[in-house]
Amino acid sequence: MNKIFAFLILGGILAAIWNGNLDAITPVVLESARTAIERAISLMGIVGFWLGIAKVAEESGLIDRISRFIAPLFRWLFPSIPKGHPAMGSILMNLSANMLGFGNAATPFGLKAMKELQELNPRPDTATEAMCTFLAINTSSVTFVPATIISLRAAAGSKNPSEVLGAILFATTCSTLVAILADYIFRILYRKIERR
């Protein structure tokens, strides 16, 4: 990916030199840098807020209570994770952050969940079924409130930044259902291959 971006940047600079428009590059670079910093600062607030809420929820035991409440669904999705294992809490935090549209804040919980799932892995060089299921759901992730997208749209000057809610909910629900179905089918196929 770095090579592709380097090629595009250098290609753009060479094209500007070739066409005699080199003086047009500096204002564009400065404007892009300013916009990137503004967006990063606006997202820092959202990520910081969600991480704070997550820490309070974790310390207060709320995550454990929610985990117990949705345990039947998680038991079906992740049958290989032992009851009460900390991986369930990390998975729940990751999926909750994704459902609220805080993808950046979900990443630390996803990494923690994978680390805890790796502790249960009898073959450390191969991903377990639970890891694959978690990755499929995490990647597709139903989003109820796309907070990051709404804040980006608001920062870009949208008159109605939340008008995308319905479309995002529909698309992410479909993608998550397809991910769960594909995971289930591949799990069955893998087990058949393992038996041979």
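The values are calculated or read from the model by the stated rules, or taken from the named source; none is laboratory data. Owing to the predicted nature of the structure, the values given are computational and were not obtained by experimental measurement. Cβ coordinates were reconstructed from backbone atoms using ideal geometry, including for glycine residues, and neighbour counts include every protein chain displayed.
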Item to complete: Output the number of residues of the range 9-37 satisfying the condition of being closer than 30 Å to ARG153 by Cβ and either touching a helix residue (DSSP H, G or I) at 6+ places or on another chain (Cβ under 7 Å) or outside any helix (DSSP H, G or I) (or both).
Response: 2
Worksheet item: Which residue, of ALA179, ALA147, is free of Cβ contacts under 8 Å to residues at least 60 places away in the same chain and among the aliphatic types (A, V, I, L, M)?
Response: ALA179
Practice prompt. Go through the range 160-196 residue by residue and tally those that are assigned to a helix (DSSP H, G or I) and either in contact with a helix residue (DSSP H, G or I) (Cβ under 6 Å, 6 or more places away or on another chain) or among the hydrophobic types (A, V, I, L, M, F, W, C) (or both).
Written response: 22
Worksheet item: Do the conditions hold for ALA71, that is, is it touching a Lys or Arg at 6+ places or on another chain (Cβ under 9 Å) and modelled with pLDDT under 80?
Response: yes
